[in-house]
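What follows draws every value from the coordinates through simple rules; no lab data is involved. Quick caveat: nothing in here was measured; it's all calculated off a predicted structure. Don't worry about glycine lacking a Cβ; one is built from the backbone with ideal geometry, like all the others, and counts go over all protein chains shown.
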Amino acid sequence: MFFLYFATYLYCIIKIQQKMRIKKEILDRLDISSINRIALALGRSAATVAAQIRLNKINGRLTKMDALTAISKEVGIAVDQLLEVVSEEVTA
């Protein structure tokens with residue numbers, strides 16, 4: 001288990017210089033109960049986590065390892081499959 005965590009950590013360190021955010025299709029899988037569990041794992045309020053999910057900022061709070069681990073646990077996908085590289089921030 002430690003090796004998997006360490007390998008994922010190294011992967012994220014390598015990617016740190018790139019602009020990244022959580023894939024939209026991953027965030028679409030999260031319902032309110034998932035958001036509540038992620039918020040509990042991060043020590044944040046559900047409203048804060050919901051706002052961060054809605055914004056999904058490039059290199060934002062959701063791209064940090066503790067958030068990635070919590071989201072990965074909820075959706076059942078490996079941490080390294082959650083992120084996408086973006087070339088520039090697109091506003092909707």
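What's the Kirkwood radius of the stretch 22-85 in Å, using all Cα pairs?
11.4
So for the stretch 22-85, if I pair up every lysine 8 or more residues apart or on another chain, how many of those pairs have alpha-carbons under 15 Å apart?
4
Quick one: if you stick a label point 7 Å off each Cα along the C-beta vector at residue 25 and residue 51, how many nm between them?
Distance between label points: 3.0 nm.
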